[in-house]
Amino acid sequence: MYYVDSSLNHFYWSFYQYVMEFSSKVPSQWTFIGDDQTYLIVPNLRNVLHNFDSEKPVVLGKVRDTSTFFSWLFPLSSFKKISVRGGIVFSNSAIDKLSACKGFFFARASDYALYDCSDSHNVQIADPFDEDALRLFNDLPPKQIIAPDSKLFRTSSMKGGKCSDHAVSFGQLSEKDMRVLEYGMTLKVFGRGGLETSESNETTTT
């Protein structure tokens, strides 16, 4: 884990590239980049990465399409992005390719630059879902995703939804939200009790 001190933040593409290049110097198969409001569930991430080849250029995260009814007025613009607030996973070869992608200088460009650069530099973009078609990378806290019939997390603006038992990350969490999530992990939710392996007639939960 590394902390980068800068007047910029991860919404600036130049800063995000610096973080990627710095991270690629550390010998590892995969690199996760998030901010101080991102909660990562490492066991679930490991399970997801079993389905991908670390030798190939791959980016995993939440893909969003921000196009609207008026988007046809800007045919040359891109409206797809990979949300940096939900945390993103890179293979080392993906970092090498994306580090060479330039031209995004304005603020809040990282989301769109990640998608456009991945698309133009032949980097595989993956937005994984579980068997119930629920997202694994989330850029919102559970209380803004969870079904509205839950009295614990009821909000007036919520449309309703569910959190995957195998969720990898949540974004935009306060310190209190993180403590609640950490406590929830001890109750074996969000995937902690979802996989069992048998060794020497004993069952261990991972």
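The values are calculated or read from the model by the stated rules, or taken from the named source; none is laboratory data. Bear in mind the structure is a predicted one, so any value in this text is a computation, not a measurement. All Cβ positions, even for glycine, are placed from backbone atoms using ideal geometry, and neighbour counts span all protein chains on display. These accessible areas exclude ligands, DNA and RNA; they are computed on the full protein's heavy atoms, side chains included. Shrake-Rupley method; radii C 1.70, N 1.55, O 1.52, S 1.80 Å.
Points worth noting:
- Bridgeable aspartates and glutamates around residue 176 (alpha carbons under 15 Å apart, same-chain partners fewer than 8 residues away excluded): 36.
- Cα-projected label distance for residue 133 with residue 175, points at 7 Å along beta-carbon direction, nm: 4.1 nm
- Which of 50, 121 is most accessible, then next, and so on - probe 1.4 Å: 50, 121
- Partner aspartates and glutamates for residue 25 [C-alpha distance under 17 Å; skip if fewer than 8 residues away on the same chain]: 55, 96
- Taking a straight Cα-Cα cut-off under 17 Å and skipping sequence neighbours fewer than 8 places away in the same chain, the lysines within cross-link reach of residue 162 are 62, 143, 151, 188.
- Amide H contacts under 5 Å for residue 139, placed H, 5+ residues apart: 171
- Rounded accessible area of residue 178 (nearest 10 Å², 1.4 Å probe): 50 Å²
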